[in-house]
Amino acid sequence: MTVQLKKPVASAVPIRLVDASGFAAAASAAPEATRRWLAAVGFQGAADTFVVVPGAEGALQSVWAGVREPGHAWALAALPKGLPEGRYRLADDGLQIDAQAAAFSWAMGGYRFGLYKPARRPPAQLMLAPSAAATRGLQLASASAMARDLVNTPAEDLGPAQLAAAVQRAAKAHGGKFRQVVGAALLKEGFPAIHAVGRAADSSRAPRLIELTWGDPKAPRLVLVGKGVCFDSGGLDIKGADGMRLMKKDMGGAANALALAELVMTLALPVRLQLLIPAVENAISGNAFRPGDVFKTRKGLHIEIGNTDAEGRVILCDALAYGAEGRPDLMIDMATLTGAARVALGPQLPALFCRRTELAREVVDLGLMLHDPLWHMPLWRDYHASIESDIADIVNTGRGAMAGAITAALFLDDFVPEGVDWMHIDLFAWNDGPRPGRPVGGEAQTIRTLLAWLERRYSRR
């Protein structure tokens, strides 16, 4: 374990935390040998930097580490892979860090996707005194790591069936109920849009609707929907090589929705949870859905296919319509839906669409505070005309390149009844550059923020 929740032993190396503004005062109070060493190596307490201080016998005596602020979610993330192997503890002097942030940031700093290639060395271990806050930090880290692992796994080893198995494991672990509707059964049970997108894949990778239910049936109903495109070739509107390279991550919405559901169940939120994942592979074969095709959806709306590479909203519409049938208190969908959202906000800021501005602003403010950000984008209804079809109710692409994230959200909006609180999160689910605790690869985005917001919402009732 990268973090051990037990009383730190005296032999564990102490880590003294400082920030840049308080470093000079802290250093002036240190022993002369330590002051000279800090000056010799040029350590100034900058965030995400550290220095090991040797003792008189040459052994590791202590560590000085710079943090932005004691409660920062990623405060210690640079240390587990940077420090030498061994056991460490937080020193009693210096800045005192929040136990949840300490556990979360250290655990995530030690994360590595090791399914195919073993690590060169294990990360350093942190000993933390047991507490509810530290336990919560590890719970958040565990769910985040699960989401990363799912996104990082190549499509060869993670197709719709394997994604369903991950949901089934979560249901079994928490006493929930698992169900899936697979292949031709989608047509019989009223999920034609999911079937249309996934029907071109091999039978071993058949499309499906994955469902997990958990909690008191009398509690407020929370519906989480995650886009589960396990690989996206673009379909007949095939992607180029560069565009297809990372499409194993097109199920990132499903991975994040499952991670959030895992936390809802682990922390026993007072809700009736329904997790829905439409899982497909957008493949190419003789029976692939085509540009110009028209399909009747579960809700009864007819959709025209303008581009087979805009498949995510097509599968989500059936799942949203199904989730809405239970008259939920709240619906949240998560999807790697549009490149337009990345052009607008980049990879680190998921786009949030919401009918109620006050709810969106509340979530955005909370995300900034928790260092798990997302940004409010407008559901500008005047743009709906650009997704209206001459031969069907709506088309799955706009008339041009502009406002692509908004028109995608407006497409989904048509499948959520008025009066239902609904949030649509268009996320990247990927780190395209390394930062402490956040290596290049799959990422959990917004789940810590959404969990905290859900706790607020349902604690008020």
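The values are calculated or read from the model by the stated rules, or taken from the named source; none is laboratory data. As the structure is a prediction and not an experimental result, all values here were calculated from the model. Reconstructed Cβ throughout: ideal geometry from the backbone, glycine too, with neighbour counts over all protein chains shown.
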Of the listed residues (ILE210, ILE194), the one being among the β-branched types (Val, Ile, Thr), under 16 Å from LEU320 (Cβ atoms) and in a strand (DSSP E or B) is ILE210
When the stretch 159-179 is checked residue by residue, the ones that are out of contact with any Phe, Trp or Tyr (no Cβ under 8 Å at 6 or more places or on another chain) and over 19 Å from GLY252 (Cα atoms) are ALA173, PHE178, ARG179
- Task: With the condition kept exactly as written, say whether any residue in the stretch 251-258 is in the same structural domain as THR153 (by TED's automatic domain parsing) and either surrounded by fewer than 22 Cβ atoms within 10 Å (Cβ to Cβ) or among the charged types (D, E, K, R) (or both).
- Result: no
Given the conditions (1) under 25 Å from PRO434 (Cα atoms); (2) buried (at least 19 other Cβ atoms within 10 Å of the Cβ), every one holds for GLY94 apart from (1)
Considering the stretch 213-240, residues that are acidic (Asp, Glu) and not in a strand (DSSP E or B), and then whichever is farthest from ILE332 (Cα to Cα), we arrive at ASP237
Of the listed residues (ALA409, ALA444, ALA403), the one being closer than 28 Å to ALA268 by Cα and small (Gly, Ala, Ser) is ALA444
- Are any of the residues in the stretch 152-171 closer than 21 Å to ARG435 by Cβ and in contact with a helix residue (DSSP H, G or I) (Cβ under 9 Å, 6 or more places away or on another chain)? yes
Open item on the list: I'd like to know if the stretch 279-300 contains one or more residues that are over 25 Å from ILE391 (Cβ atoms), within 19 Å of the chain's Cα centre (by Cα) and in contact (Cβ under 8 Å) with a residue 60 or more places away in the chain.
Closed with: yes
Filtering strands (runs of 3 or more DSSP E) wholly in the stretch 1-119 for at least 2 residues that are more than 20 Å from LEU138 (Cβ to Cβ) and either at pLDDT 95 or above or touching a strand residue (DSSP E or B) at 6+ places or on another chain (Cβ under 9 Å) (or both) gives 13-18, 50-54, 60-66
Considering the stretch 170-229, residues that are surrounded by 21 or more Cβ atoms within 10 Å (Cβ to Cβ) and of a type in the set (Val, Ile, Thr), and then whichever is nearest to the chain's Cα centre (by Cα), we arrive at VAL225
